[in-house]
Amino acid sequence: MSAGGSTSVPDMTLGLQLLAQVIDRSLRLANGKRVAWALVLQVGEAAQYVSNCERADGLALVEEMLATWRAEDEAAKRPDAEELP
């Protein structure tokens, strides 16, 4: 999966840092407090991420999400699976 285009790593890093500030402020305003988050995106052939938490905590967020997706996918494959809400 590639979105195309070519952005230099320094340009992308600065852009991601600015985006992180916007996301962090927006979520804090919406939630009333700071919440941990991680954003993963495809840049050329490489996956990039930005987050407001330590790398290990961001990894835990992504792993938890993937585990949930996998469990949902496996549940959907069962012949007795009910529709998910």
Exercise for the section: Scan the stretch 14-42 for residues that are closer than 13 Å to Cys53 by Cα and touching a helix residue (DSSP H, G or I) at 6+ places or on another chain (Cβ under 8 Å) and report the count. Expected result: 6
Completion exercise
When every residue in the stretch 28-85 that is surrounded by 12 or more Cβ atoms within 10 Å (Cβ to Cβ) and among the small types (Gly, Ala, Ser) is compared, the one nearest to Leu16 (Cα to Cα) is Ser51
Completion exercise
Selection from the stretch 34-85 of residues in a strand (DSSP E or B) and among the hydroxyl-bearing types (Ser, Thr, Tyr) yields Tyr49, Ser51
Handout entry: Test result for Ser8, surrounded by fewer than 13 Cβ atoms within 10 Å (Cβ to Cβ) and modelled with pLDDT under 85
Key = yes
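The values are calculated or read from the model by the stated rules, or taken from the named source; none is laboratory data. Small disclaimer: the values here were computed from a predicted structure and weren't measured. Reconstructed Cβ throughout: ideal geometry from the backbone, glycine too, with neighbour counts over all protein chains shown.
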